[in-house]
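Nothing in this text is a laboratory measurement; each read-out follows from the coordinates by a stated rule. The structure displayed is predicted, hence computed values, not measured ones. All Cβ positions, glycine included, derive from the backbone under ideal geometry; neighbour counts span all protein chains shown.
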2 protein chains.
Amino acid sequence: MTTIAAPLDDRFGLDRKVTLPGPLRLDGGGVLASVDIAYETYGSPNADGSNVILICHALTGDQYVASTHPLTGKPGWWTRMVGAGKPIDPARHLIICANVLGSCMGSSGPAGIDPATGGKWAMRFPVITIADMVRAQAMLLDHLGIGRLHAVIGGSMGGMQALTWPTLFPDRLESVVVIASTARHSAQNIAFHEVGRQAIMADPNWRGGDYYADNRPPSAGLSVARMAAHITYLSEAGLTEKFGRRLQGRDAKTFGFDADFQIESYLRHQGISFVERFDANSYLYITRAMDYYDLAEDHQGSLARAFERTKARFCLVSFDTDWLYPTSESRIIVHALNAAGAQASFVELSSPFGHDAFLLDVPELNRVVDGFLRAGERG
Amino acid sequence: MTTIAAPLDDRFGLDRKVTLPGPLRLDGGGVLASVDIAYETYGSPNADGSNVILICHALTGDQYVASTHPLTGKPGWWTRMVGAGKPIDPARHLIICANVLGSCMGSSGPAGIDPATGGKWAMRFPVITIADMVRAQAMLLDHLGIGRLHAVIGGSMGGMQALTWPTLFPDRLESVVVIASTARHSAQNIAFHEVGRQAIMADPNWRGGDYYADNRPPSAGLSVARMAAHITYLSEAGLTEKFGRRLQGRDAKTFGFDADFQIESYLRHQGISFVERFDANSYLYITRAMDYYDLAEDHQGSLARAFERTKARFCLVSFDTDWLYPTSESRIIVHALNAAGAQASFVELSSPFGHDAFLLDVPELNRVVDGFLRAGERG
């Protein structure tokens, strides 16, 4: 196990941000001369530094995995999984979660400052990939003096990063947990993202991405993008159970275009509240990174080859009602891991909540993750 | 059988439009003093007028079922089903298809003229329902002197109209063909439509619907609405087969935001070409009518009760990859028909094309419709 060196930062703790010297060479050919990374940590390193868990967040997630979001004031997005007595526990683990490259909560991205000009990057930020996000995370670990991870874990886009880790840094981690995710974006996945991007870019306030100066962002377009995406996070049965055709606070249809149905009101709320915490350009960049994601493509078309060099253990979890990244996508990953001789466990959990289940109260998920992590800790 | 009276129009034929005296009382409480209906006919009535087939079109369909679209120059939208030697054949049937109330190809709708003011209706047009559309169709049949239909047939929203016919006019038709449709709009169905409406209304060119005077319609918003809806018309497997992750006319990713993938280019084309032939306000009104649609709700929550008074025969067809109106929705209808003692045949066909299959080349669909119609004609 690698010993954790004295971090350049003077303490582990919350709401940290560092500017790391580059260059970070990107898949698209560009170079970032330096990289800002905003991150949170919970817990402390143990004596041999063998208890470090990196959590990777999803498309619209952030580093506030188990701490209050500074803009919304809401609790962290994964307090069901991370916290005292939870599978990932600050009493046992040093937990790190960094805002992904391209996002808008402090890490380098279109909403950040281009050091070469002192102005906002906007659409002059280079297009990035999931692998670029992972390379930036590795730079952060270097900076923190962390050589090796006990585990990398993520759901949805977080799962894509977790799955990419052993392909780029096969010797730097012991175990990988991939929840409700995929090894490539399908045509339908790309299609939904393209609708969102077109909604943003069709908003006259977008202005080619240069909307920061007067603080008039393309909120209407971003809101529509979020609404469309949000449908894909929920199952048809879940929507029927939660909303059905129930009307919103009234007895009868209004025969108008206000939100008559609860589902309309709910979706509008999802759109409106999203624009208060997220940057439209970041949404463009991160969806693009997800659409470009195809691990097999990066390894001569063979997903098994991607995992050839790693000794990590893998845990895959899918949900039976997830139609965004259905169980069949997890099965493809498991088959490739088997072909590569990797140790892989896989379970499809039952949940009515569709893709969003990985964020919700699914006790089975906690049991699976807990059991998998503890097995590695005993070893 | 009813004898066809001399029609008020001087001939059956193509590209017809009539203004029918009202009032047409609408479900929403409003009244249309008169109703414009644009329609096409093919074939001639037989001696006893027993060969009339009414075709109902889908959300973005029109009356040009088997004739060239005047704006796009494209062939009719159902030439696979309607034509010489097809299941619905002008040599054997008098075929009628009318532009639905609320649409934009000549029938009364927001893009039409409010006779009270002489100006465009725009959003002052009353909100309508599927049943209102059917009542307008019945007015057209009255005008044409057609008392009774051999069959009413439709796919998708056309199926909703076909299914509504026997509930409003139980004695006016012998048979009903409902393809890839449903007896109610689900929460997920409503959600997708709400995204489309929000995309249109978020477009600054929409201006509360009053965009006709300067001919600057909310094309960007309507295009996004169409793109989002179009994804729901196709199956995930069909998208993968047709597009997969193939790039558009280039060898490598551009690391930009142009349409890199074929699926992106295809969706953008769907959006752009749609706005050239369709009115954004009509899209709002018709999607609203579909979302309000719930046949059981209109009959004290009992779908079986809706069909109690009819003697019509029913033919239901679903497609196994249709996730917009899945087979389970057709089954609900069949169970209700059985409970009502109605004669119903039902088949789920296999097709890779998702919901759109009803418009495509599915020989099995033609055989089912042909067999069902001929069985009625022998009787």
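In this simple spin-label approximation, A:Asp214 and B:Asp142 carry label points 7 Å from Cα along the Cα→Cβ vector, and these lie 5.5 nm apart.
Would you mind ranking A:Tyr283, A:Tyr293 so that the residue whose beta carbon has the fewest other beta carbons within 10 Å leads the list?
Details: A:Tyr283 29, A:Tyr293 24.
Placing the least packed residue first, the sequence is A:Tyr293, A:Tyr283.
Legend: ranking of residues A:Glu276, A:Glu264, A:Glu194, A:Glu40 from fewest to most surrounding C-beta atoms inside 10 Å; resulting order A:Glu276, A:Glu40, A:Glu264, A:Glu194.
Seen from B:Gly196, the other residues with C-beta closer than 12 Å to its C-beta sum to a net charge of -1, counting Lys and Arg as +1 and Asp and Glu as -1. Summing +1 for each Lys or Arg and -1 for each Asp or Glu among the other residues whose beta-carbon sits under 15 angstrom from that of A:Asp171 gives +2.
Among beta bridges from DSSP that stay inside segment A:19-154, the antiparallel ones total about 55%. Could you grab the relative contact order for segment A:17-143? Cα pairs under 8 Å, six or more apart, rounded to a whole percent. Relative contact order here is 28 percent.
Among B:Leu365, B:Leu247, B:Leu20, the largest mean-square fluctuation in a Gaussian network model of chain B, built with springs joining Cα atoms closer than 10 Å, belongs to B:Leu247. What does the C-alpha gyration tensor say about the overall shape of segment A:323-362? Classify as rounded when a/c is under 1.5, otherwise prolate if a/b is larger than b/c, or oblate. Cα axes put segment A:323-362 in the prolate bin.
Taken residue by residue and averaged, Cβ atoms of other chains lying within 10 Å of the Cβ of A:196-205 number 6. Does segment B:222-379 come out rounded, prolate or oblate, given a ≥ b ≥ c as the square roots of the eigenvalues of its C-alpha gyration tensor, rounded meaning a/c under 1.5 and, failing that, prolate meaning a/b above b/c? It is prolate, given that a/c is not under 1.5 and a/b is the larger ratio. Here the relative contact order of chain A, from alpha carbon pairs under 8 Å that lie six or more residues apart, stands at 17 percent.
Membrane-span-like helices of chain B, defined as complete DSSP H segments with a Cα extent of 15 Å or more along the helix axis and a mean Kyte hydropathy of at least -0.5, are identified as B:130-144, B:157-168, B:187-202, B:219-233, B:262-275, B:280-292, B:327-339.
The convex hull drawn around the Cα atoms of the protein assembly as shown, when projected onto a plane and averaged over every direction, covers 33.7 nm².
Which residues does the label zone of A:Asp48 cover in segment A:353-379, counting backbone N under 20 Å from a point 7 Å along Cα→Cβ? Counting only backbone N, you get A:372-379. From the alpha carbon centroid of segment B:253-277 to that of segment B:119-140 is 33 Å. Exposure proxy shown here: for B:Thr327, B:Thr72, A:Thr240, the number of other Cβ atoms within 10 Å sets the order, fewest to most, as B:Thr72, A:Thr240, B:Thr327. The stretch between A:Arg309 and A:Thr19, if pulled fully straight at 0.36 nm per residue, gains 101.3 nm over its current Cα-Cα span.
Which entries in B:Lys17/B:Lys120; A:Lys74/A:Lys242; B:Lys74/B:Lys242; B:Lys17/B:Lys74; B:Lys74/B:Lys253; B:Lys17/B:Lys86 show an alpha-carbon gap greater than 24 Å? Check vs 24 Å cut-off fails for B:Lys74/B:Lys253; B:Lys17/B:Lys86. Let me make sure I get this right: for segment B:116-263, a, b and c are the square roots of the gyration tensor eigenvalues over alpha carbons, sorted descending. Under 1.5 in a/c it's rounded, otherwise prolate if a/b > b/c, else oblate. Which is it? Oblate shape, in that a/c is at least 1.5 and b/c is the bigger or equal ratio. Segment A:300-357 and segment B:44-112 have Cα centres lying 49 Å from one another. The alpha carbons of segment B:189-287 stretch over 45, 28, 21 Å along the principal axes, in descending order.
So what's the net charge close to B:Ser350: Lys and Arg +1, Asp and Glu -1, counting the other residues with Cβ under 10 Å from its Cβ? Let's see the in-between values first.
Numbers: positive: none; negative: B:Asp320, B:Glu348, B:Glu364.
Net of charged neighbours comes to -3.
Dividing the mean sequence gap of close Cα pairs (under 8 Å, 6+ apart) by how many residues segment B:189-287 holds gives a relative contact order of 30 percent. Simple spin-label estimate for B:Ser345 and A:His299 gives 5.3 nm between the two label positions (7 Å along the Cα-to-Cβ direction from each Cα).
Counting DSSP beta bridges in chain A, what percent are antiparallel, to the nearest 5? Don't skip to the answer; put the middle values down first.
Details: 15 of 42 bridges.
Of the beta bridges lying entirely in chain A, close to 35 percent run antiparallel.
By DSSP, the beta bridges lying fully in the protein assembly as shown are antiparallel in about 35 percent of cases.
For a paramagnetic label modelled on A:Ile332 (point 7 Å from Cα along Cα→Cβ), amide N atoms under 17 Å away belong, within segment B:226-249, to B:235-247. Please give the calculated 222 nm ellipticity per residue for chain A, where each DSSP H segment of at least 4 residues contributes -39500 (n - 2.57) and the sum is spread over every residue; nearest 500 deg cm²/dmol? Using -39500 (n - 2.57) per qualifying helix, the result is -10500 deg cm²/dmol. Spin-label point model (7 Å from Cα, Cβ direction): what's the A:Thr117 to A:Glu377 distance in nm? That separation, rounded to one decimal, is 4.8 nm.
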